[in-house]
Amino acid sequence: MHNEFIHQSRIAYFTMEIALTSGIPTYSGGLGVLAGDVMRAGADIELPLVAVSLVSRAGYFRQEIKDGRQIEHPDTWDPSKYAYPLDAKVAVSIEGREVWVRGWLYVLRGHLGGKEPVILLDTDLDENEKDDREITHLLYGGDLVYRLKQEIVLGIGGLRMLHALGFQIRQYHMNEGHSALLALELLRRDAITENGENDRLSYDIPQVRKVCNFTTHTPVEAGHDQFPYEMVQSILRDFIDLPELKMLAGEDRLNMTKLALNLSEYVNGVAMKHAEVSRQMYPGYRVHAVTNGVHPQTWTFESFAAIYDKYLPGWCHEPQLLVRVDQIPDEEVWEAHRQAKTAMISLIKNLGAKEFNPDYPIIGFARRMTAYKRPDLLFSDLERLKAIAAKYPFQIVMAGKAHPKDEGGKKLIEMLHHHLQEISPFIPSAFLPDYDMDLALTLVSGVDIWLNTPLRPLEASGTSGMKAACNGVPSLSVLDGWWLEGCIEGVTGWGIGSESSNGEDVNSLYEKLEKKVLPLYHDDRKGWISIMKNAIGKNASYFNSHRMMRRYATEAYIR
Ligand SMILES: *Cc1c(COP(=O)(O)O)cnc(C)c1O
């Protein structure tokens, strides 16, 4: 291992997915983008981290839309183009076989020269049998058995790899429960006796808890892996005593969230509300809140970065400086926005959709397409939507992938396709394929209003609205997740519905659009720009990854 990375002790950040750059498809959505932003902020503030993830050679998938149907293509990438192969090789035991794991080193560079190592684990080696070679191919692919094997490679293989590379780790951070087997490996490793036997009497749970941190990211069931114990036994064999494991991970099934909760002293949710919801889901655990943030430089379009550089130099390093956005003249904010909007409109045109009018507002909605995100809420009453557009013209752009096995999510994409077709003679609209980091930046900066309509309380945080704020784009969003903290009504954007119930959302959404948002855009440009500036000054200055990482450092890592 490069000496520069092992001369000081580090915090090991374990994550199933990570968004490093748009050419590396090792992410599916918000969780991976957050992991990337964690490392980018770490590099900027020179917090010594090391990320551990899977190489996911076949990626998540590339999305094509044909007549409204999502078609999935493999998104294969070549790690040797971006990362260095590492010599170290470790083995994990899967179904009684030794499965060999190697790593790739990706060096993530901050804008001031800070660097963070990212280790991408790979089982595609000659030494392994065919099936085992594919364990690290597909992100979130395959069945439950495949997932468990991946989590063995990530948690157990990852820990052994760090050791083999010579890293000194002072704290471990599990980004979601996928990597919780690392805590089990820590427990077991410390209990190995001199003659190589596992001495269960010497499991030191408090010692392991001292070095483990766990961030839970969603109240949605699918975010919490559970494996039947028969499966665990047939794959992990005698890795750990079953009674001991059941005590830590649940009686009926191996629940990765429970395992992580029981073996971590510091646990947090990703927004204040989400921490509260998690405390209800897991009574008896102390769940802190560290509200997510986004990496400002990554999520700011070049035209905005240029005016921040001019008026608020140092903003990349100290995003709090964005509170001084009033230093920037209104015309320059508007001009920066016009450039971002023009770039997006030309992309839409190149993709073959009808041309958008730059003088009319554009509503953007893009995120993973899945039921609780309710991407169809805006289309609940097409006649009413058209009537609003007749008074105050607007346009709609959407994007998002559905998980290949989420039939409901794929149906939603089809329904959106039909809705957009029906309204497009009245409301220019487009669904853009293959939502990724690049497209996300284009959309969050190019639209005028960022819409989000999740079902409460399932949006743990949400981060795309924070990216929009970096570009002066206000949110119109259901009061859930981060928006409960970020929304000042009519100042930083607008809330939909009430804090507690989902029932009023459709009506509230249409009312806000018709009476508040669209009239302000069309009739009061100065008022609109003041909202844009508030999105920057009050939200981008706070909901950024630098604040988030300083919080993790002082609350979790140093304790
Ligand atoms: C930011 C981002 C997300 C997460 O968006 P949410 O609003 O939190 O759902 C998902 N996918 C991509 C490509 C992103 O850039």
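Odds and ends about this structure:
- Figure legend. Inter-residue proximity from the stretch 105-130: first residues aliphatic (A, V, I, L, M), second residues open to solvent by 40 Å² or more (accessible area, probe 1.4 Å), beta-carbon distance below 7 Å, spacing 6+ or different chains. Indicated pairs: 105/84; 107/115; 108/115; 112/317; 125/100; 125/102; 125/133.
- Any chance residue 330 is touching a helix residue (DSSP H, G or I) at 6+ places or on another chain (Cβ under 8 Å), in the same structural domain as residue 529 (by TED's automatic domain parsing) and open to solvent by less than 60 Å² (accessible area, probe 1.4 Å): yes
- Which listed residue is away from the ligand (no atom under 16 Å from the Cβ) and within 22 Å of residue 60 (Cα to Cα), from 489, 499, 414: 414
- Wholly enclosed helices (runs of 4 or more DSSP H) of the stretch 192-294 bearing at least 3 residues among the charged types (D, E, K, R) and not assigned by TED's automatic domain parsing to the domain that holds residue 479: 272-281
- Of note, residue 15 does not satisfy the criterion of being within 27 Å of residue 351 (Cβ to Cβ), out of contact with any Pro (no Cβ under 6 Å at 6 or more places or on another chain), in contact (Cβ under 8 Å) with a residue 24 or more places away in the chain and within 16 Å of the ligand (Cβ to nearest atom).
- Conditions (1) in contact with a strand residue (DSSP E or B) (Cβ under 6 Å, 6 or more places away or on another chain); (2) within 13 Å of the ligand (Cβ to nearest atom); number of the one not met by residue 33: (1)
- Residue under evaluation residue 332, criteria (1) within 30 Å of residue 557 (Cβ to Cβ); (2) in a helix (DSSP H, G or I), criterion not met: (1)
- The one condition in (1) surrounded by 20 or more Cβ atoms within 10 Å (Cβ to Cβ); (2) within 16 Å of the ligand (Cβ to nearest atom) that residue 347 fails to fulfil: (1)
- Wholly within the stretch 2-121, strands (runs of 3 or more DSSP E) carrying at least 1 residues that are touching a Lys or Arg at 6+ places or on another chain (Cβ under 7 Å) and open to solvent by 40 Å² or more (accessible area, probe 1.4 Å): 69-73, 84-94, 97-109
- The residue of the stretch 543-559 that is surrounded by the fewest Cβ atoms within 10 Å (Cβ to Cβ), among those that are hydroxyl-bearing (Ser, Thr, Tyr) and over 19 Å from residue 445 (Cβ atoms), is 554.
- Any hit, the stretch 446-464, residues being at positive phi and either of a type outside the set (Val, Ile, Thr) or within 16 Å of the ligand (Cβ to nearest atom) (or both): yes
- Exactly one residue out of 237, 253, 286 is modelled with pLDDT under 95 and out of contact with any Cys (no Cβ under 8 Å at 6 or more places or on another chain), and it is 237.
- Taking every residue in the stretch 347-376 that is touching a residue at least 12 places away in the same chain (Cβ under 8 Å) and in a loop (DSSP other than H, G, I, E, B) and pairing it with any residue that is within 16 Å of the ligand (Cβ to nearest atom) and basic (Lys, Arg), at least 6 positions away or on another chain, the pairs with Cβ-Cβ distances below 7 Å are 367/373; 368/401; 369/401.
- Selection status of residue 235, of a type in the set (Val, Ile, Thr) and under 23 Å from residue 222 (Cβ atoms): yes
The values are calculated or read from the model by the stated rules, or taken from the named source; none is laboratory data. No experiment lies behind these values; they were computed from the predicted model shown. Using ideal geometry, Cβ is built from the backbone for each residue, glycine included, and neighbour counts are taken over all protein chains shown. To get the accessible areas, we keep the full protein, side chains included, count just its heavy atoms, and leave off ligands, DNA and RNA. Shrake-Rupley method; radii C 1.70, N 1.55, O 1.52, S 1.80 Å.
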